[in-house]
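> Here it is, the structure in full.
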Amino acid sequence: MTEVVQNIAQPRVAQPHITVGNLNLWYGEKQALKNISMHIPKNSVTALIGPSGCGKSTFIRCLNRMNDLVKNCRIEGKVLIENKDIYGADVDVVELRKQVGMVFQKPNPFPMSIYDNVAYGPRIHGVNKKDINGVVEGALHSAALWDETSDRLKSPALSLSGGQQQRLCIARTLAVKPRIILFDEPTSALDPISTSRIEDLIMNLKKDYTIVIVTHNMQQAARISDYTGFFFMGELIEFGQTRQIFHSPKEKSTEDYITGRFG
Amino acid sequence: MELSSKVYEKDHKSIRAQGGLSMGLNARTNERIAFTLLTLSAMTVAGFVVIILAYIIYNGYSVISIEFLTEMPRMRMTQGGIYPAIVGTVLLIIGSMGVALPMGVMAAIYLNEYAGETRTTWLIEMAINNLAGTPSVVFGLFGLALFVKYVGFGSSLLSACLTLSLLIIPVIIRSTQEALIAVPNEYRDSSLALGISKWQTIRHVVLPAAIPGIITGSILSIGRVAGETAPILLTGAAYFLPRLPDSIYSQFMALPYHLFVLATSGTNITQNRPIQYGTALVLLSIVLGLNIIAVLIRRHYRQKLQI
């Protein structure tokens, strides 16, 4: 695998779950990602930081091929998940997205009941009817939402608060049993208390999942992540253990961003 | 853009020329004139609707009876009821909605969710827009040529239903497209991100969210189907037929055409007036009743979606 991917960004980890090699992406004529290479380690939280428009959201949307939906989007390079190129010709995108779940910036539950939101994925994926209850309950437990909703599973999801809705979206993702979960600025629309609940949740989830989170909030990256990557102008400037990135960044622009000189 | 900025400049100059105080007065007068005009327009429209309704009810209620609603016309349609015309109109509505609703909704899904912005799509959209503006008698002639003659369905309920569905398909496509556009893209994205295929996403998330809008389009279409005369006149409506259609290949009576016949032919037009108004009243009631049902269904779905 390392033969495929050259000039890989640090750290070299024992167990990479996702390996990105020389990834380039264009929206029409505009190049949004420039030669990104990195190993994303298994069962850890990897945070991607950087100023608006630096390509970090674009980047995680390459990991579950959500960019396929964008018109005029062209991608070169390799993304290997468990040693399989997800841009290979034989890849079933629908199957890939079952493995790689995604939680979006704005809490966006479907206009259905709490229960139906979580049961939505497993039902369509053909989970046995009598097993659905268990899956829903398990997912709500894992998303730390069970205690608040167990007595009103039939009420509309949109009656929940913003933070609860976001945890419901996490439960909805967990119910499909992915191995990787991508978070695209999951707390930027939430208040501080809801934010800290989601952060706790993410740190708990890394036992079972590999997590990649895009965040605007550097404190958040410092609090919850094991590894941090700094994106700037479509390039991955620096990638390493979170401690190292925040305490002794190697690149000048990383230091400038972290110390708040721009961004 | 250029034009509007010029207009603005001109207004601005004239306002300045009038000076400060008169400008204020001018604005207030303008406001008052606009308000009066808009209110008057709204009242006029509402007034006409009320007058028409009251006139029809006043002139027609006397003939409404169980007999009128459930019996065949007799004595050159001067006595008896309008039962076959009621049944005919209801069958037309069911038949043409049964064809047009699935086709229109599917076409709209294709155009909105699958087709890219290509030349072909543009052509299809143009065709739909033109179809929506085509006079109904043209649809009648087309139905006569295609369904009655060429395909050989004859002058029949089937031909009339197919012709009417062509008439309302553009309406249904348009309203379904608008309903689909109104469904937030976040629903689509988050469903796709769960590893749900595009079609399943449309079926389980997008369509349910769009149903209230689709029903609104259907309400408009029901009124159209119930009221159109020219297309059915050319494709299957009978002048007089004192029995119910026994198959989709039968001719039939329908309320709007029956009304036309009662009001324009025969020897006792004046004497028939109450029957004419009674028929109009029944037609209006059927359309109104179906609209109310549709509105109730729409409300049910809206509540289910918590919109």
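The values are calculated or read from the model by the stated rules, or taken from the named source; none is laboratory data. Since this is a predicted model, take the numbers as computed values, not measurements. Heads up, the Cβs are rebuilt from the backbone with ideal geometry, glycines too, and the neighbour counts pull from every protein chain shown. Ligands, DNA and RNA are stripped out before the accessible areas are found, and what is left, the full protein with its side chains, is counted by its heavy atoms. Shrake-Rupley method; radii C 1.70, N 1.55, O 1.52, S 1.80 Å.
> Ordered by residue, what ³J(HN,Hα) values in Hz, to whole numbers, does region A:247-258 give under the Karplus form 6.51 cos²θ - 1.76 cosθ + 1.60, where θ = phi - 60° and Gly and Pro are x?
Rounded to whole hertz, the list is 9, 9, x, 7, 9, 4, 5, 4, 4, 4, 5, 5.
> Of the options B:207, B:160, B:141, report the single residue whose Cα projects farthest towards the positive end of the charge dipole of region B:66-305 (beta-carbon charges: Lys, Arg +1; Asp, Glu -1).
Towards the positive end, the residue furthest out is B:160.
> Can you give the accessible area per residue of region A:16-258, in Å², using a 1.4 Å probe? Each step should come with its number before you reach the end.
Details: 9840 Å² over 243 residues.
So region A:16-258 comes to 40 Å² accessible per residue, rounded to a whole number.
> Ignoring ligands, DNA and RNA, what percent of the accessible area of region A:147-263 is carbon or sulfur (1.4 Å)?
Values: 2550 of 5180 Å².
The nonpolar share, carbon plus sulfur, comes to 49 percent.
> Mind listing the long-range amide H neighbours of residue A:42? Cut-off is under 5 Å, sequence gap 5 or more, other chains count too, H placed in the peptide plane at 1.01 Å from N.
A:15, A:17
> Follow-up question, since we're still on this one. Give me a comma-separated list of calculated 3J(HN,Hα) values for region B:130-144, in order, Karplus coefficients 6.51, -1.76, 1.60 applied at θ = phi - 60°, integers in Hz, x for any Gly or Pro.
Per residue, the Karplus-derived 3J(HN,Hα) values read 5, 4, 5, x, 6, x, 5, 5, 5, 4, x, 5, 4, x, 4 Hz.
> Per residue of region B:228-240, what does 6.51 cos²θ - 1.76 cosθ + 1.60 with θ = phi - 60° give for ³J(HN,Hα)? Whole Hz please, x for Gly and Pro, Karplus curve as stated.
5, 10, 4, x, 6, 4, 8, 10, x, 6, 9, 4, 8
> Treating cross-link reach as a plain straight distance, find the lysines whose alpha-carbon is under 28 Å from the alpha-carbon of residue A:206, omitting any fewer than eight places away in the same chain.
A:42, A:56, A:78, A:84, A:98, A:106, A:177, A:250
> What trypsin sites (Lys or Arg not before Pro) in region B:51-138 are in a loop by DSSP, with at most 14 other Cβ atoms within 10 Å of the Cβ?
Values: sites: B:74, B:76, B:119; in loops: B:76.
In loop regions of region B:51-138 (DSSP not H, G, I, E or B), the sparsely surrounded trypsin sites (Lys or Arg not before Pro) are B:76.
> Could you list which residues have their amide H under 5 Å from that of residue A:238, counting only those 5 or more apart in sequence or on another chain, with H placed in the peptide plane?
Here the answer is A:230, since their amide H atoms fall under 5 Å of that of residue A:238.
> Anything losing 20 Å² or more of accessible area from the isolated chain to the full protein assembly: pick those residues out of region B:287-307, probe 1.4 Å, ligands and DNA/RNA ignored.
Those are B:305, B:306, which lose 20 Å² or more relative to the chain on its own.
> Rounded to the nearest 10 degrees, what's the angle between the helix B:2-18 long axis and the longest principal axis of chain B, both from Cα atoms, 0 to 90?
70
> Please compute the modelled spin-label separation between residue A:129 and residue B:265, points set 7 Å along Cα→Cβ, answer in nm with one decimal.
About 5.7 nm, to one decimal.
> To continue, here is another question. Just tell me which aspartates and glutamates come within less than 16 Å, Cα to Cα, of residue A:252; anything on the same chain fewer than 8 places away is out.
Those aspartates and glutamates meeting the cut-off are A:235, A:238.
> Leaving out ligands, DNA and RNA but keeping every protein chain, what accessible area does residue B:228 have, in Å² rounded to the nearest 10, with a 1.4 Å probe?
Counting only protein heavy atoms, residue B:228 exposes about 30 Å² to solvent.
> Right, something else. Once you keep just the Cα pairs under 8 angstrom separated by 6 or more residues, what percentage relative contact order results for chain A? Can you show the working numbers first?
Working: 511 pairs, mean separation 69.2, N = 263.
Worked out over chain A, it gives 26 percent.
> Then there is this: With +1 on each Lys and Arg Cβ and -1 on each Asp and Glu Cβ, how big is the dipole of chain A about its Cα centre, in debye rounded to the nearest 20? Write down the numbers at each step before the final one.
Details: 31 positive and 27 negative charges, 43 e Å.
My answer is approximately 200 debye.
> Rank A:118, B:49 by accessible area, highest first, at a 1.4 Å probe radius? Provide the component values of the computation, followed by the final result.
Working: A:118 0, B:49 80 Å².
Sorted by accessible area, descending: B:49, A:118.
> Rounded to the nearest 100 Å², what is the sum over both chains of accessible area buried where A meets B, with a probe of 1.4 Å? All intermediate terms of the calculation are to be shown ahead of the outcome.
On the way: alone 12360 and 18210 Å², together 28690 Å².
Summed over both sides, the interface buries about 1900 Å².
> Pull up all non-local amide H partners of residue A:103: gap of 5 or more, or a different chain, and H-to-H distance under 5 Å with H placed in the peptide plane.
A:182, A:183, A:184
> Here's another thing I want to ask about it. Expected output is a single nm value to one decimal: the length gained when fully extending between residue B:40 and residue B:61, i.e. 0.36 nm times separation in residues minus the C-alpha distance. What is it? Walk me through the numbers before you get to the answer.
Values: separation 21, 0.36 × 21 = 7.56 nm, distance 3.06 nm.
Using 0.36 nm per residue and subtracting the Cα-Cα distance, I get 4.5 nm.
> Moving on. Report, to the nearest whole %, how much of the accessible area of region B:66-305 belongs to carbon and sulfur atoms, 1.4 Å probe, protein only.
65
> Sort out for me the Cα centre separation of region B:147-174 from region A:91-146, rounded to whole Å.
Taking the Cα centre of region A:91-146 as reference, the centre of region B:147-174 is 44 Å away.
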